[in-house]
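Participant: Take this structure, written in structure tokens, and hold onto it; I'll ask about it next.
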Amino acid sequence: MNEVYVVKLETSIQEERLLEFVSLVRRKEIQQFSLQAERIRKLVGQLLLQFILQNKKGIFLSPLHFIRNDWGKPCIWGLEGIHFNISHSQDYVVCGISSLPIGIDVELIREINTNISNRFFSIEEVEYINMKNGAERLERFFQIWTRKESYVKAVGKGLMIPFNHFSVAPMRGSQICDPNGFTYYIKDYHLEEKYKLSVCSQSCEFSNDVKFITIKEIMEGLQIKIS
């Protein structure tokens, strides 16, 4: 089962409190980001994952030791049978978790020149986007973008997979096969009007809705601080 957890960021989040729950190595990695908002999103993403593992899966690993594949996709050292992926945009941090490879992407719908789709998207995706104008065209652009991001993240090769070499246009349905013959399934979730959220996985079983978790729940639910 593919599950999706969401945190809506609050204005009063204390970075110092969040840092208490991550390893010294991870703290140094996160503190390399100059913008506090970006550091907080990174921290909340990791703590959301820790919360899910502890409180939903009964897995207690502290600190979490992350390793990456050859293309940069993270996984947790010593944890088998659990796949995850994290994304964040503006006010939201999201985490997808599954027993099979999974990718997730959330994007704030914002002004952008949708003509860039001519360079990066497939022909049918461009046609799908250009069927609409104005706000609806923007929505379709970010729908395609999050679908494509979630797919390349699920496969685990990121932008090493050229975006115009595959199509996730909705008229194709919710399935896509990678070059190795594995089938992936895509689902769009409603978050709020200003955002697009897509999940892709080798598992075809998706939760019906996202599950919202508050920062307070995470802080109270995490049982181990890192000294």
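Participant: Of the residues 199, 168, 152, which is in a loop (DSSP other than H, G, I, E, B) and in contact (Cβ under 8 Å) with a residue 24 or more places away in the chain? Walk me through how you get there before you give the answer.
Facilitator: Values: 199 fails: in a loop (DSSP other than H, G, I, E, B); 152 fails: in a loop (DSSP other than H, G, I, E, B).
When all the criteria are applied, what remains is 168.
Participant: Just a yes or no: is a residue in region 201-224 over 30 Å from residue 20 (Cα atoms), modelled with pLDDT under 95 and small (Gly, Ala, Ser)?
Facilitator: no
Participant: Now for a separate question. Hey, among the residues in region 171-217 that are aliphatic (A, V, I, L, M) and more than 18 Å from the chain's Cα centre (by Cα), which one's surrounded by the fewest Cβ atoms within 10 Å (Cβ to Cβ)?
Facilitator: 171
Participant: Within region 7-49, how many residues are among the hydroxyl-bearing types (Ser, Thr, Tyr) and under 18 Å from residue 65 (Cα atoms)?
Facilitator: Looking only at that region, the number is 1.
Participant: What's the number of the condition residue 122 fails, among (1) small (Gly, Ala, Ser); (2) crowded, with 20+ Cβ neighbours inside 10 Å; (3) in contact with a helix residue (DSSP H, G or I) (Cβ under 9 Å, 6 or more places away or on another chain)?
Facilitator: (2)
Participant: Mind counting the residues in region 53-70 that are surrounded by 14 or more Cβ atoms within 10 Å (Cβ to Cβ) and among the small types (Gly, Ala, Ser)?
Facilitator: 1
Participant: Still on this model: List the residue pairs whose Cβ atoms are under 6 Å apart, where the first residue sits in region 27-49 and is farther than 17 Å from residue 95 by Cβ, the second is not in a helix (DSSP H, G or I) and not aliphatic (A, V, I, L, M), and the two are 6 or more positions apart or on different chains.
Facilitator: Taking only residues 6 or more apart or on different chains, the pairs are 39/33.
Participant: Six or more apart or on different chains, Cβ under 9 Å: which pairs go from a residue in region 203-218 that's within 9 Å of residue 7 (Cα to Cα) to one that's of a type in the set (Gly, Ala, Ser) and surrounded by 15 or more Cβ atoms within 10 Å (Cβ to Cβ)? Could you list them?
Facilitator: Sorted first by the residue in region 203-218, then by its partner, the pairs are 213/221.
Participant: Moving on to the next point. What's the number of the condition residue 134 fails, among (1) surrounded by 18 or more Cβ atoms within 10 Å (Cβ to Cβ); (2) at positive phi; (3) modelled with pLDDT of 95 or more?
Facilitator: (1)
Participant: For region 71-91, give me each residue that is acidic (Asp, Glu) and surrounded by 11 or more Cβ atoms within 10 Å (Cβ to Cβ).
Facilitator: 91
The values are calculated or read from the model by the stated rules, or taken from the named source; none is laboratory data. Keep in mind it's a predicted model, so treat the numbers as computed, not measured. Ideal geometry is used to build each Cβ from the backbone, glycine not excepted, and the neighbour counts take in all protein chains shown.
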